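Working notes, beginning with the structure itself.
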Amino acid sequence: MLAVAMLVLTVLSAPAAEDPLSNVKQLIRVGEFDKALPRLNAFLKENPQHAEARFLKGLVLAEEGRADDAQVVFLELTGDYPDLPEPHNNLAVLYAARGDYALARDSLLVAISTHPSYATAHENLGDIYARMAGIAYGKALEIDADNQTARVKLAMVRELFSERGPAARTAPGS
């Protein structure tokens, strides 16, 4: 299960007077995305290059099931702020959710190259490699249904993900 990254987690707990997005973050925390998005859009109208607000908008769009719109936001962020690992990580979550594990892997490798100690991206990369391994073991079984080694390995991969739920976790800060 892939983890969605929150940009600058320490800012999330900053006092309201210091953080112009604190009310939006609170709405996101309680799942009121329909209220958060208009506030983010208003803020971004006045502050169009504000990286954190743009990132939060991407999170909200993803939570609302608007993966294509969220992808656009995260792609634009990676272009404008290539050294931020979080947009690359969240692109990987979106790619994985649609089953495009190669793109997810590539995005995570970029996130890790920009921030080698980014644990969330490393964990997500492990999940992607496990998913890709499961696909490869399944293909091996299609070719050779008697391959017991591939059968055992595929069962292990399936067990790994059976307790963890869907391929992508979308709760902010997870």
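Among 81, 67, 28, whose Cα lies farthest out toward the positive end of the dipole of region 13-108, if unit charges sit on the beta carbon of Lys, Arg (+1) and Asp, Glu (-1)?
Going by the charge dipole, the pick is 28.
Mind grabbing the accessible area of residue 88 for me, 1.4 Å probe, Å², rounded to tens?
Accessible area, nearest 10 Å²: 20 Å².
Would you check the accessible area of residue 160, probe 1.4 Å, heavy atoms only, in square angstrom rounded to 10?
Its heavy atoms expose roughly 80 Å² to the probe.
Please list the equivalent ellipsoid semi-axes of region 78-159, computed as the square roots of five times the alpha-carbon gyration tensor eigenvalues, in descending order and whole angstrom.
They are 31, 12, 8 Å, listed from largest to smallest.
Using just the C-alpha positions of region 53-105 as equal point scatterers, what log10 of I(q)/I(0) does the Debye formula give at each q in 0.12, 0.22, 0.23, 0.30 1/Å?
Debye curve over Cα of region 53-105, log10 I(q)/I(0) at q = 0.12, 0.22, 0.23, 0.30 Å⁻¹: -0.21, -0.72, -0.79, -1.21.
Tell me, what is a quarter of the convex hull surface for the C-alpha atoms of region 78-117, in nm² with one decimal?
Averaged projected area of region 78-117's Cα convex hull equals 2.4 nm².
By a straight-distance test (C-alpha under 24 Å), which lysines pair with residue 35 as possible cross-link partners, with residues fewer than eight away in the same chain excluded?
25, 45, 57
In debye, nearest 20: dipole of region 48-174 around its Cα centre with unit charges on the Cβ of K, R (+) and D, E (-)?
Computed about the Cα centre, the dipole is about 300 debye.
If you rank 113, 22 by how much accessible surface each has, with a 1.4 Å probe, what is the order from largest down?
Largest accessible area first, the list is 113, 22.
Count the net charge of all other residues whose Cβ sits under 13 Å from the Cβ of residue 84, scoring Lys and Arg as +1 and Asp and Glu as -1.
Its environment carries a net charge of -4.
Counting only protein chains, not ligands or nucleic acids, how are 63, 18 ordered by accessible area (probe 1.4 Å), most first?
Putting 63, 18 in descending order of accessible area: 18, 63.
The values are calculated or read from the model by the stated rules, or taken from the named source; none is laboratory data. The model shown is predicted, which means the values in this text are computed figures rather than measured ones. Neighbour counts run over all protein chains shown; Cβ positions are idealised from the backbone, glycine included. Side chains included, ligands, DNA and RNA excluded: accessible areas come from the protein's heavy atoms. Shrake-Rupley method; radii C 1.70, N 1.55, O 1.52, S 1.80 Å.
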